[in-house]
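Report on the structure given below.
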Amino acid sequence: MTAGKFSEIVRKVSEHLRLDGSAKLTFVVSDGLRPMQLFCANAPLQLDGLLTVALTPRAASCKPRDRWLADETAKADACCTPAAGSKCCA
């Protein structure tokens, strides 16, 4: 894919979504023979006049489970953070 095409895709997405600058760039790829797989993009490198981005396989995650864990962590943090007059952690 050319850098121009990639840039255009990112531009179109950013028109509809606010992009987090610290987010990891992830690709879902299949070669047509193997099942789709998640890949994390590494830092771009310039090689022989081409901008190259190596992809590293990434483990899949279960989004509902990840959200549930985040909610549970937030609840635990809220409960165990001492607040004025709170008896939660007594």
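Tell me, which strands (runs of 3 or more DSSP E) lie completely within the range 22-81 with 3 or more residues that are out of contact with any Phe, Trp or Tyr (no Cβ under 7 Å at 6 or more places or on another chain)? Reasoning before the result, please.
Details: elements: 26-29, 37-41, 45-47, 50-52, 55-57.
In the range 22-81, the matching strands (runs of 3 or more DSSP E) lie at 37-41, 45-47, 50-52.
Contact map, the range 1-18: residues that are at pLDDT below 90 paired with residues that are not in a loop (DSSP other than H, G, I, E, B), Cβ distance under 7 Å, separation 6+ or inter-chain. Pairs shown: A3/L51. Restricting the range 20-39 to residues that are touching a residue at least 12 places away in the same chain (Cβ under 8 Å) and closer than 17 Å to M1 by Cβ, the residue that is surrounded by the most Cβ atoms within 10 Å (Cβ to Cβ) is F39.
The values are calculated or read from the model by the stated rules, or taken from the named source; none is laboratory data. The structure displayed is predicted, hence computed values, not measured ones. Neighbour counts are summed over all protein chains in view; Cβ atoms, including those assigned to glycine, are modelled from backbone coordinates with ideal geometry.
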